[in-house]
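Colleague: Pasting a structure here, questions to come.
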Amino acid sequence: MIGDLSVNPAPFPPEPQPGPQPPLRQEPAPQPRHSLRSVFEEYALYGLAGQAVRALAPHTEAQPEAILLQLLAAFGNVIGPGPHCMVGATRHTLNLFVVLVGESSKARKGTSWNQISRLFAEVDGAWADHRVTSARLTARGLIGIMGQQAGDRRLLVLAEELASVLHTMGRSRSQLSPLLRCAWDSGTLRMLDRDRLVQASGGHLSLIGHITQRELAESLHRTEAHNGFANRCLWACVERSQCLPDGGNVDPEELSAIARGLSRAVDWAQGQSEILFRRDQAASELWNHYYATLSQDRPGLHGTATGRAEAQVLRLSALYAALDCSSIIRLPHLQAACALWDYCSYSAASLFGSCVGDSIADRIREALQASPDGLSRKQISNLFHGHVSSDSIDRALERLSSLQLATSRYLTGRGPGRRTILWSAIDHDQEELMEEETAESDNLAELVRLVRTF
């Protein structure tokens, strides 16, 4: 295997309770409602993927969502770029970018990967040994390893220190961010190396990133390069789901049975040069109902992080179909994808909330929240020590006002005709910030149950 990836097994529970805690806020996020948990258990744990999670869950402290997302990411990379969906002229292969966010050692992010690594070592030992890397991710290294491979173009990057990747992406001359975006989009990577164009085509890159909530908050404040990267990721808040002092012990026969099922699905997917996935009538009806929810605009970083909801659900549904050795996306496949996306969207809301995603606006909002009496326009300008133009500050204030995150009022000063504009933050209760996302979860649960009768 490339790098120093560990493949030790770890323990994990069947029905853990997610407790997303937003890194960009001071207060912890509320626990997801029972409907979100029940929808995940009833629909997302479908088929072979659900069988694997249920088998591994009692023997690990990691969260089921973490196991499921990493299993789908690994499977999507193993099967390669042949299986795909078409949206107009756009080709979507089944490679995923997954980011697990939780406390450093307590969220059991690495533990959840160890289980998946052990499982796929039985499915495709050569892939597990040679096409998974935890090496430091750089633009030149990425295009080098993807371009020099004459045969196998698959690569799964395990970024257990995703903060360093985000930091690299934030450097002004770094080409890592556009390369990663291209890898998710089409698999064709291009970059300028001094005076020559370097490119690698036909690659199939998947990413699994681990990061703490504090690191995520600091990285997002340091760079805006994440904006094009964030909506290509499936974000998941994770925590330890149970306490197993002696670890776990998965039945080897049960693990081998799951590995055999995965091997059959891999053989089916790789046995044909091209597989085009399509939805059947029942799945199309659910898709038509749910599409408006998926495609709606959301403000701030939450909207940025979930801006490719339709494409993410499409890829997830095709992965569930591929695990069933089917090129037809049926209703259970789409239901499972919707339920899993719902958890990722809830996690994104918990992590990013109403953060604007503009460094100037976010800095102003942070200062306004720390100033109960408000700040004058001059005081706001002083926050940037002359390094930000007046027009940029005005645009940031207009954006905060349009998002109902800040308001202004006039104060009469000394002397005739002298007035001062005072800006103040608009406080939103934590539960109010989550109300829309929770209502969305309830609507999805009702919709999925109705369409199940088709």
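The values are calculated or read from the model by the stated rules, or taken from the named source; none is laboratory data. What you are looking at is a predicted structure, and each value in this text was computed from that prediction instead of being measured. Glycine gets a Cβ as well: all are built from the backbone with ideal geometry, and neighbour counts include every protein chain shown. Surface accessibility is based on the protein's heavy atoms, side chains included, excluding ligands, DNA and RNA. Shrake-Rupley method; radii C 1.70, N 1.55, O 1.52, S 1.80 Å.
Colleague: Among residues belonging to region 57-74 that are touching a helix residue (DSSP H, G or I) at 6+ places or on another chain (Cβ under 8 Å) and small (Gly, Ala, Ser), point out the one that is nearest to GLU160 (Cα to Cα).
Modeller: Among them, the one singled out is ALA66.
Colleague: What pairs come up if the first residue lies in region 125-148 and is of a type in the set (Asp, Glu), the second is surrounded by 15 or more Cβ atoms within 10 Å (Cβ to Cβ), and their beta carbons are under 7 Å apart, counting only those six or more places apart or on different chains?
Modeller: Filtered contacts from region 125-148: ASP129/MET1.
Colleague: Can you list the helices (runs of 4 or more DSSP H) lying wholly within region 360-454 that have 3 or more residues being at pLDDT 90 or above?
Modeller: 377-382, 390-402
Colleague: Which numbered condition in (1) on the phi < 0 side of the Ramachandran plot; (2) open to solvent by less than 10 Å² (accessible area, probe 1.4 Å); (3) within 21 Å of the chain's Cα centre (by Cα) is the only one that GLY80 fails?
Modeller: Condition (1) is where GLY80 drops out.
Colleague: LEU192 - would you say it is in a strand (DSSP E or B) and modelled with pLDDT of 80 or more?
Modeller: no
Colleague: Spot the failing condition for ALA309; the list is (1) touching a Pro at 6+ places or on another chain (Cβ under 9 Å); (2) modelled with pLDDT of 90 or more, and only one is missed.
Modeller: Failed condition: (1).
Colleague: Another question about this same structure. So, in region 131-155, exactly how many residues are part of a helix (DSSP H, G or I) and more than 25 Å from the chain's Cα centre (by Cα)?
Modeller: 3
Colleague: Kindly indicate whether PRO83 is modelled with pLDDT under 95 and within 24 Å of GLY209 (Cα to Cα).
Modeller: no
Colleague: Among the residues of region 259-274, what is the count of those that are open to solvent by less than 80 Å² (accessible area, probe 1.4 Å), at pLDDT 95 or above and not aromatic (Phe, Trp, Tyr)?
Modeller: Residues that pass the stated criteria total 7.
Colleague: Sticking with this one: If you take the residues of region 103-122 that are among the basic types (Lys, Arg) and surrounded by fewer than 24 Cβ atoms within 10 Å (Cβ to Cβ), which of them is modelled with the lowest pLDDT?
Modeller: The residue in question is LYS106.
Colleague: Then there's this: Could you list all residues from region 139-171 that are hydroxyl-bearing (Ser, Thr, Tyr) and either open to solvent by 50 Å² or more (accessible area, probe 1.4 Å) or modelled with pLDDT of 85 or more (or both)?
Modeller: The answer is SER164, and nothing else.
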